[in-house]
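Take a look at the structure below.
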Amino acid sequence: MTTSKKDIRALTKEQLRDFFVKEGDQAFRGNQVYEWLWSKGAHSFEDMTNVSIETRQMLEDNFVINHIRVDNMQKSSDGTIKNAVRLHDGLIVESVLIPTKTRTTACVSSQVGCSLDCRFCATSRLKRMRNLNPDEIFDQVVAIDKESRLYHNRPLSNIVFMGMGEPLMNYNNVLKAIDKITSDEGLGMSPKRIVVSTSGVPKMIKKMADDEVKFKLAVSLHSAIDEVRTSIMPFNETFPLADLREALEYWYAKTKNRITYEYVVWKDINDKKKDVEALIEFCKFAPSKVNLIEYNPIDDGEFQQANAEAIDMYVSMLEANHITVTVRRSRGKDIDAACGQLANKS
Ligand code: SF4
């Protein structure tokens, strides 16, 4: 339901302190309420038990707390969990918990739908409706952390921005959410455990470098040959590889942070020796590693996972050139929770 009241979590701590002072109260009341909102995860003003009933009513009259709601939770046979998350205006996004032996990772969404058009990705078929607010991103992480503790007996250890949407097209809100996730008043998580994965928006990669962000960067590369990349990721026409490469060089020069390339090998698209050679050249200009990701077919069958020989060729040629390469098996395929499969089907 929409409301004209303001979302209280859009206010900074300073703004909350100022609000209370204007209301004739004391600034520290702002700290108290802020703590309830972010550290204690209050879902209503009633939860704020150390705040007087009159003050809680006054907050109720002026603000709302737009919490997300997990509408549907699906569990995969491999322990992966997918949440369909309803936002305050009724729109839905998805987030995923991926457990392995050593870590539990939250894959979170940054937009409702996506404005980009990667042809292999189910989300690209959903029209971009809007950007997520910082609190909506934060809440996805909190929900997954709770599930991690409940079903896997350990807190969340890592976060990847690899769900629905292009995070760098919602940069300010993603940054604010990460601030909350990493601050002591939020979840206190190390930024080193957070990866922002982009399809490669050169201007925004440079901006991140200028902002001296502390989280890690991954790029969905999928091809280091312009014609091939444009055929599967049409926006590559606007942001060609030369521009991407220049931005990544800038990123590394400023941050000294190694870049991860996410890369799917598809049959008859990028499974030839020339594709690997181009990738090797692309990897040489800045320290990087390559994640070869298993492909999860979306229903039209246009894209098919390359055969094992092609994957082996990638691994051996990359290793021969001293480039770190990992082959990533996909998780949660049976519940459409794997990479590229998020499309609000549940
Ligand atoms: S892969 Fe990412 S950027 Fe590309 S369409 Fe899907 S959600 Fe958007």
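The values are calculated or read from the model by the stated rules, or taken from the named source; none is laboratory data. Bear in mind the structure is a predicted one, so any value in this text is a computation, not a measurement. Don't worry about glycine lacking a Cβ; one is built from the backbone with ideal geometry, like all the others, and counts go over all protein chains shown. Heavy atoms of the whole protein, side chains included, go into the accessibility calculation; ligands, DNA and RNA do not. Shrake-Rupley method; radii C 1.70, N 1.55, O 1.52, S 1.80 Å.
Please give me the summed charge of the neighbours of Thr255: other residues whose Cβ is under 14 Å from its Cβ, Lys and Arg +1, Asp and Glu -1.
Numbers: positive: Lys192, Lys206, Lys207, Lys214, Lys216, Lys254, Lys256, Arg258; negative: Asp210, Asp211, Glu212, Glu249.
Once positives and negatives cancel, what remains is +4.
Antiparallel versus total DSSP beta bridges in the chain: what percent is that, nearest 5?
45
Ordering Lys192, Lys127 by how much accessible area each has at a 1.4 Å probe, largest first, what is the list? Present the calculation step by step, with values, prior to reporting the outcome.
Details: Lys192 115, Lys127 155 Å².
The ranking, largest first, comes out as Lys127, Lys192.
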For segment 256-338, run through the trypsin sites (Lys or Arg not before Pro) and keep only the ones in DSSP coil with at most 10 other Cβ atoms within 10 Å of their Cβ.
Lys256, Arg329
How much of Val21 can a 1.4 Å solvent probe reach, expressed as accessible area in Å² and rounded to 10?
80
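Show Val70, Val228 ordered by accessible area, largest first, where the area counts protein heavy atoms only and the probe is 1.4 Å. Intermediate values should be presented prior to the final figure.
Details: Val70 60, Val228 20 Å².
Largest accessible area first, the list is Val70, Val228.
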Not counting ligands, DNA or RNA, and with a 1.4 Å probe, what is Leu91's accessible surface area in Å² rounded to the nearest 10?
40
Label point 7 Å beyond Cα of Asp78 along Cβ direction - residues of segment 305-326 with amide nitrogen under 16 Å:
305-306, 326
Between Thr49 and Glu227, how many nm apart are label points set 7 Å from Cα along the C-beta direction?
6.9
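For segment 117-218, what does the alpha-carbon gyration tensor say about shape, rounded, prolate or oblate, given a ≥ b ≥ c as the root eigenvalues, a/c under 1.5 as rounded, and a/b over b/c as prolate?
Numbers: a/c = 1.86, a/b = 1.27, b/c = 1.46.
Cα axes put segment 117-218 in the oblate bin.
Rounded, prolate or oblate: which fits segment 76-150, taking a ≥ b ≥ c as square roots of the Cα gyration tensor eigenvalues, rounded meaning a/c under 1.5, else prolate when a/b beats b/c?
On the way: a/c = 2.37, a/b = 1.44, b/c = 1.65.
Note, shape of segment 76-150 comes out oblate.
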Heavy atoms of Ser39: accessible area, 1.4 Å probe, square angstrom to 10
60
What shape does segment 41-126 have by the C-alpha gyration tensor, where a ≥ b ≥ c are the square roots of the eigenvalues, rounded means a/c under 1.5, and otherwise prolate means a/b greater than b/c and oblate the rest?
oblate
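Mind checking the full-extension length gain between Ser183 and Ser316? Use 0.36 nm per residue of separation minus the Cα-Cα distance, one decimal, nm.
Working: separation 133, 0.36 × 133 = 47.88 nm, distance 4.15 nm.
Extending this stretch completely gives an extra 43.7 nm.
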For the cross-link pairs Lys207/Lys256; Lys6/Lys180; Lys216/Lys333; Lys75/Lys180; Lys13/Lys146, which exceed 22 Å when the distance is taken from alpha carbon to alpha carbon?
Lys216/Lys333; Lys75/Lys180; Lys13/Lys146
Measure out, as a whole number of angstrom, how far apart the alpha-carbon centroids of segment 188-234 and segment 88-162 sit.
17
Would you grab the residues whose amide H sits under 5 Å from the one on Val290? Only those 5+ places off in sequence or on another chain, please, with H modelled 1.01 Å from N.
Tyr261, Thr324, Val325, Thr326
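Please report, as a whole percent, how much of the solvent-accessible surface of the chain comes from carbon and sulfur atoms (probe radius 1.4 Å).
Details: 7800 of 15880 Å².
So the carbon and sulfur contribution to the accessible surface is 49 percent.
Ordering Asp135, Asp336, Asp312, Asp243 from largest to smallest accessible area (1.4 angstrom probe), what's the sequence? Show your work: numbers first, answer last.
Working: Asp135 5, Asp336 45, Asp312 95, Asp243 65 Å².
Sorted descending by solvent-accessible area, the residues read Asp312, Asp243, Asp336, Asp135.
Express the accessible area of the chain per residue in Å², computed with a 1.4 Å probe while the remaining protein chains stay in the model.
Result: 46 Å² of accessible area for each residue.
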Virtual spin-label span in nm between Thr102 and Asp61, 7 Å along Cα→Cβ:
5.6
